[in-house]
Structures are given as structure tokens and as C-alpha cells.
Amino acid sequence: MATLYLNDFVRDVPDFPKPGITFKDITPLLLSPVAFKSAIDQLVVPYQDEKIDFVVSAEARGFIFGPPVAMALNAGFIPLRKPGKLPGETIEESYKLEYGTDTLQIHKGHIKPKSRILMLDDVLATGGTMAAGAKLVEKVGGTIIGFSFLIELSFLAGKTKLDGKKVHSLLNYS
Ligand code: AMP
């Protein structure tokens, strides 16, 4: 069988969504059942013996990868959402994006003290999204075991915002 290179399934889109940003488009990967499954399997591997209770991901593209990883780890899935989307009691955190600013909310009450959490997203860029998500998880009492990303844009040094915790990324662009 031919070797599968995941970076063959990520398309660079220059100047999207604004000039100067090279957008990593993961839709070609989603079109390939083999590449998509391979990505999910590889995101799971470093955490399969870590007794993860919940995978936590932010909308929107985190919702594509988070749930299948949660299922593979026999863990639950907890969404981080934009304001006004979660019906229960929430706490929130604002953060800077590579392009703009945003706020994320999480439901109170799902994560118990010492719940073991895997934070997961498609892209680690400046790290603002996952750093805000991690703050929310820790505020509600969770223990972050690590982070998993399909893509890390290491030239943006997002890892430095993740408090020295374990970071696993499948594709690294420097
Ligand atoms: P950041 O908070 O800067 O780490 O940005 C991470 C989030 O923004 C991820 O959820 C990505 O979906 C999205 N994102 C940021 N930069 C890019 C990029 N160059 N290509 C694709 N998605 C990106």
C-alpha cells in the first residue's frame, strides 16, 4: 500500500480570510475516508492509555475532530462554544485569534474535580483559542493531560501559551 502523507490532504489558501494569512484548508482531508481515519487514529495514539474522561474542543472545526477522538478514547465530549449557544450556566474567557478576537464559553457542572481532559483542535496557530479553553477547563476543576492538534503552525509559537503541557501535533509548519 502506498504511504499516506497527511500534508497532501491540507490545502494552503493564500490571503484567506484576510491578506497575509495562509489558511490551512482541511476539507481535502475530510473528503478522504482513509486520510481522515488515519488522522483520527494518530491524534488518539499518545493518549490511549491516559484514561481520558473528556475531550474538549472549540467550535467550529474542533467539532469535526473532537467527537471521533472522544469515541476512540471511550471518553465524553465537551464543547467550547461562542457566547449565547450553550443553554446551561456557563463561564467564559476572551482571547486573541491570528485574525481577530473572540470569546468561548463552557458549561459548568460537566467537568468534575480531577476529570482527565484532552484538549483538541484542528490548528494550533497563536495558541489563543486553546489557552482560553484550557483556562476554562481548569476553572471548572479539570486536569489537562495534554493537547492534540492536526496542524501546528510552529512559527507562531502557540505552544508557549500552553503552560509547558504535552503537545502532540501531526503536521508541523515552521
Ligand atoms: P489560535 O487561537 O491562533 O491558535 O487559532 C486557532 C484556531 O483558529 C483554530 O481553531 C483554527 O481553526 C483557526 N486558525 C487559525 N489560524 C489558521 C490558519 N492559518 N489556517 C486555518 N485555521 C486557522
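The values are calculated or read from the model by the stated rules, or taken from the named source; none is laboratory data. Here the structure is a predicted model, which is why all the values come from computation and not from measurement. Positions of Cβ are generated from backbone atoms using ideal geometry, with glycine treated the same way; all protein chains shown enter the neighbour counts. These accessible areas exclude ligands, DNA and RNA; they are computed on the full protein's heavy atoms, side chains included. Shrake-Rupley method; radii C 1.70, N 1.55, O 1.52, S 1.80 Å.
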*Could you list, in sequence order, all residues of region 93-114 that are within 16 Å of residue 130 (Cβ to Cβ) and among the basic types (Lys, Arg)?*
96
*Which is open to solvent by 20 Å² or more (accessible area, probe 1.4 Å) and under 30 Å from residue 3 (Cα atoms), of 83, 79, 46?*
46
*Of the residues that make up region 98-106, is at least one of a type in the set (A, V, I, L, M, F, W, C), open to solvent by less than 70 Å² (accessible area, probe 1.4 Å) and under 23 Å from residue 26 (Cβ atoms)?*
yes
*Restricting attention to region 49-67, report how many residues are loosely packed, with under 13 Cβ neighbours inside 10 Å and either closer than 23 Å to residue 81 by Cβ or touching a helix residue (DSSP H, G or I) at 6+ places or on another chain (Cβ under 6 Å) (or both).*
1
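Specify which of the listed residues (155, 149) is in contact with a Ser or Thr (Cβ under 6 Å, 6 or more places away or on another chain) and open to solvent by 30 Å² or more (accessible area, probe 1.4 Å). Before the answer, list the steps.
Working: 149 fails: open to solvent by 30 Å² or more (accessible area, probe 1.4 Å).
After applying the criteria, what remains is 155.
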_Residue under question is residue 34, and the condition is that it be exposed (fewer than 13 other Cβ atoms within 10 Å of the Cβ) and touching a residue at least 24 places away in the same chain (Cβ under 8 Å); does it hold?_
yes
_Test for residue 126: is it of a type in the set (S, T, N, Q), surrounded by fewer than 22 Cβ atoms within 10 Å (Cβ to Cβ) and more than 30 Å from residue 28 (Cβ to Cβ)_ = no
